[in-house]
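The values are calculated or read from the model by the stated rules, or taken from the named source; none is laboratory data. Just so we're clear, the structure is a prediction, and the values are computed from it rather than from any experiment. Here the Cβ is made from the backbone with ideal geometry for all residues, glycine too, and neighbour counts use every protein chain on show.
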Amino acid sequence: MLNDTLANLLSSVKNAERSGKNGLLYNPVSKLSTSVLMIMKNGGYVDDFEAIQDGKGGIYKIKLTKKINDCNAIKPRFPVTKDNFTKWEKRFLPAQGFGIIILSTSQGVITHTEAKKKGIGGRLLAYVY
């Protein structure tokens, strides 16, 4: 039984990257995982991904770029306001401007830089660098 599908997905991606694989298959498919993978794709951390529906939860087919040093889910999912992003950047990223923090907002799943520009807060989901 899977408790946190996002944490399991990011752990699988990190392990595949570290073992030098070009891609991986992961199941199950979820809307949140799809949003996080899309952000990782836009950031250049994942080359491409495809969600295949097989009638049993679905399978992701993910192609890796080998640019991920670390990625992980943030638990508990801390609330963050528009004013204190620097505190969380210092905590989860190795340097300012290096890597992304993914958060869930009222406008969808976005990166911390987009949330700063829009002036909104949300809940922290994951970090990637």
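Filtering the range 13-49 to residues that are part of a loop (DSSP other than H, G, I, E, B) and in contact with a helix residue (DSSP H, G or I) (Cβ under 8 Å, 6 or more places away or on another chain) leaves Pro28, Ser30.
Look at the range 15-26: where a residue is assigned by TED's automatic domain parsing to the domain that holds Leu37 and a partner is assigned to a helix (DSSP H, G or I) and among the hydrophobic types (A, V, I, L, M, F, W, C), sitting 6+ places away or on another chain with Cβ atoms under 8 Å, you get Gly23/Ala16; Leu24/Val13; Leu24/Ala16; Tyr26/Leu9; Tyr26/Val13. Of all the criteria given as (1) loosely packed, with under 13 Cβ neighbours inside 10 Å; (2) within 15 Å of the chain's Cα centre (by Cα); (3) free of Cβ contacts under 8 Å to residues at least 24 places away in the same chain, the one not satisfied by Asn8 is (1).
Exposed (fewer than 14 other Cβ atoms within 10 Å of the Cβ), modelled with pLDDT under 95 and assigned by TED's automatic domain parsing to the domain that holds Gly20, is that true of Lys56? Taking the combined requirement at face value, the residue satisfies it. Of all the criteria given as (1) more than 15 Å from Val109 (Cβ to Cβ); (2) surrounded by 16 or more Cβ atoms within 10 Å (Cβ to Cβ); (3) among the polar types (S, T, N, Q), the one not satisfied by Asn22 is (2).
All conditions in (1) part of a helix (DSSP H, G or I); (2) surrounded by fewer than 14 Cβ atoms within 10 Å (Cβ to Cβ) hold for Lys82, with the sole exception of (1). Applying the criterion of being touching a residue at least 24 places away in the same chain (Cβ under 8 Å) and among the β-branched types (Val, Ile, Thr) to the residues of the range 40-62, the residue that is nearest to Leu125 (Cα to Cα) is Val46.
Would you check if there is a residue in the range 71-78 being under 11 Å from Tyr127 (Cβ atoms) and assigned to a loop (DSSP other than H, G, I, E, B)? Talk me through it step by step, then tell me what you get.
To start, the set of residues in the range 71-78 that are under 11 Å from Tyr127 (Cβ atoms) comprises 71-74.
Adding the requirement that they be assigned to a loop (DSSP other than H, G, I, E, B) leaves 74.
For the range 71-78, residues under 11 Å from Tyr127 (Cβ atoms) and assigned to a loop (DSSP other than H, G, I, E, B): present.
Here Phe98 meets each of (1) at negative phi; (2) over 10 Å from the mean Cα position of the chain (by Cα); (3) modelled with pLDDT of 95 or more; (4) not acidic (Asp, Glu) with one exception, condition (3).
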